[in-house]
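Asker: The structure follows.
The values are calculated or read from the model by the stated rules, or taken from the named source; none is laboratory data. Computed from a predicted structure; not experimentally measured. Ideal geometry is used to build each Cβ from the backbone, glycine not excepted, and the neighbour counts take in all protein chains shown. Only protein heavy atoms, including side chains, enter the accessible area calculation; ligands, DNA and RNA are left aside. Shrake-Rupley method; radii C 1.70, N 1.55, O 1.52, S 1.80 Å.
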Amino acid sequence: MPYRSFEEYNMQVTDDVKDRYKHIISDLGENPDREGLLKTPERAAKAMQFLTQGYHQDPEEILRSAMFKESYDEMVIVKDIEVYSLCEHHILPFFGKAHIAYIPNGYIVGLSKLPRIVDVFARRLQVQERLTEQILDCINDTLRPQGVAVVIEASHMCMMMRGVQKQNSITTTSGFRGQFEKIETRNEFLKLIAPNR
Ligand SMILES: Nc1nc2c(ncn2[C@@H]2O[C@H](COP(=O)(O)OP(=O)(O)OP(=O)(O)O)[C@@H](O)[C@H]2O)c(=O)[nH]1
Ligand SMILES: [Zn+2]
């Protein structure tokens with residue numbers, strides 16, 4: 001389950017990470033004992049646990065918990081799913097949208113479960129390519145649909161705030177399995193997720 005309140009955080013991890021953040025703040029030239037920063041190490045420790053909680057969640061179980069026998073066999077698309085993740089190279093955010101489609105093969109899945117598994121994989125240290133593949137494989141292996149497609153469009157803070165400092169570049173990654181490997185099916189999906197539809 002996602003964290004609902006700070007009381008549910010692992011106290012040992014919070015204490016360890018808090019201690020390290022205090023040192024980081026001081027190493028960076030700030031005074032961790034000034035009033036405004038007193039609670040910062042603990043807040044940061046909890047924020048980081050929230051943002052990496054995906055390591056403790058089972059995405060296949062989430063999908064399996066809401067699979068329903070159904071004969072519908074047209075494309076199902078959930079688009080514009082907000083994604084917030086952390087790049088594994090700099091531990092800085094990357095964020096954007098995921099678009100997911102599948103063609104059922106006897107079973108449909110509860111719609112909310114698709115954004116839920118996006119969150120599970122996004123709340124880990126990631127690269128956008130692997131995030132895309134993991135969502136794709138999870139749906140493919142669990143639901144065993146006729147086909148599945150995932151597109152992610154994201155902006156990377158490590159390319160915006162630092163490094164190359166490009167504010168408007170967007171990275172698109174995609175993956176297709178089964179029926180979506182056919183060009184007509186893939187094009188239908190891409191047309192349906194195009195902006196302003
Ligand atoms: N492929 C991929 N690269 C990423 C992702 N997130 C960050 N990166 C890149 O990871 C690379 C790490 O390269 P390095 O040269 O080791 O790191 P760096 O010196 O900080 O690189 P610059 O960002 O170019 O300053 C950079 O090119 C980042 O843009 C991602 O999701 N996918
Ligand atoms: Zn980065």
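Asker: Hey, if you put +1 on the Cβ of every Lys and Arg and -1 on every Asp and Glu Cβ in the chain, which of 51, 140, 169 ends up farthest toward the positive end of that dipole?
Answerer: Toward the positive end, the furthest listed residue is 169.
Asker: Hey, what's the chain come to in accessible area per residue, 1.4 Å probe, Å²?
Answerer: On the way: 11620 Å² over 197 residues.
With the other protein chains kept in place, the chain gives 59 Å² per residue.
Asker: Can you tell me the FRET efficiency between residue 56 and residue 157 if r is taken as the Cβ-Cβ distance and R0 is 22 Å, rounded to the nearest 0.05?
Answerer: After rounding to 0.05, the efficiency reads 0.35.
Asker: Determine by what factor the alpha-carbon radius of gyration of the range 79-130 differs from 2.2 N^0.38 Å, reporting the quotient.
Answerer: 1.28
Asker: Still on this structure: As a check on your grasp of the helix formula, calculate [θ] at 222 nm for the chain: sum -39500 (n - 2.57) over DSSP H runs of n ≥ 4, divide by the residue count, round to the nearest 500.
Answerer: One gets -11500 deg cm²/dmol as the mean residue ellipticity at 222 nm.
Asker: Right, next: Using a 1.4 Å probe over the heavy atoms of the protein chains, calculate the carbon and sulfur portion of the accessible area of the chain as a whole percent.
Answerer: Solvent-exposed carbon and sulfur of the chain make up 51 percent of the total.
Asker: Work out the P(r) tail for the range 6-51: percent of alpha carbon pairs separated by more than 12 Å, whole number. Don't skip to the answer; put the middle values down first.
Answerer: Numbers: 592 of 1035 pairs.
Tail fraction, whole percent: 57.
Asker: If I ignore ligands, DNA and RNA and count only protein heavy atoms, how much of residue 90 is accessible to a 1.4 Å probe, in Å² to the nearest 10?
Answerer: 80 Å²
Asker: When only alpha-carbon atoms count, how far does the range 59-193 stretch along each of its three principal axes, as whole angstroms with the largest first?
Answerer: For the range 59-193, the Cα extents along the three principal axes come out at 50, 32, 18 Å.
Asker: State, as an integer percentage, the relative contact order of the range 6-51 based on alpha-carbon contacts under 8 Å between residues 6 or more apart.
Answerer: Relative CO of the range 6-51 lands at 50 percent.
Asker: Give a quick list of GluC sites (Glu not before Pro) in the range 45-100 that DSSP marks as loop, anything other than H, G, I, E or B, with at most 15 other Cβ atoms within 10 Å. Walk me through the numbers before you get to the answer.
Answerer: On the way: sites: 60, 61, 70, 74, 82, 88; in loops: 70, 74, 88.
Taking the range 45-100 and a limit of 15 other Cβ atoms within 10 Å, the loop GluC sites (Glu not before Pro) found are 70, 74, 88.
Asker: Which whole-Hz couplings ³J(HN,Hα) result when phi for each residue of the range 99-108 is put into the Karplus expression 6.51 cos²θ - 1.76 cosθ + 1.60, θ = phi - 60°, listed in order with x for Gly and Pro?
Answerer: 10, 10, 9, 8, 10, x, 9, x, 10, 9
Asker: To continue, here is another question. In a GNM of the chain with a 10 Å cut-off on Cα contacts, which of 26, 155, 169 has the highest mean-square fluctuation?
Answerer: Its mean-square fluctuation being the largest, the pick is 26.
Asker: Contour minus end-to-end for residue 91 and residue 181, with contour as 0.36 nm per residue of separation and end-to-end as the Cα-Cα distance?
Answerer: This chain segment gains 29.1 nm when fully extended.
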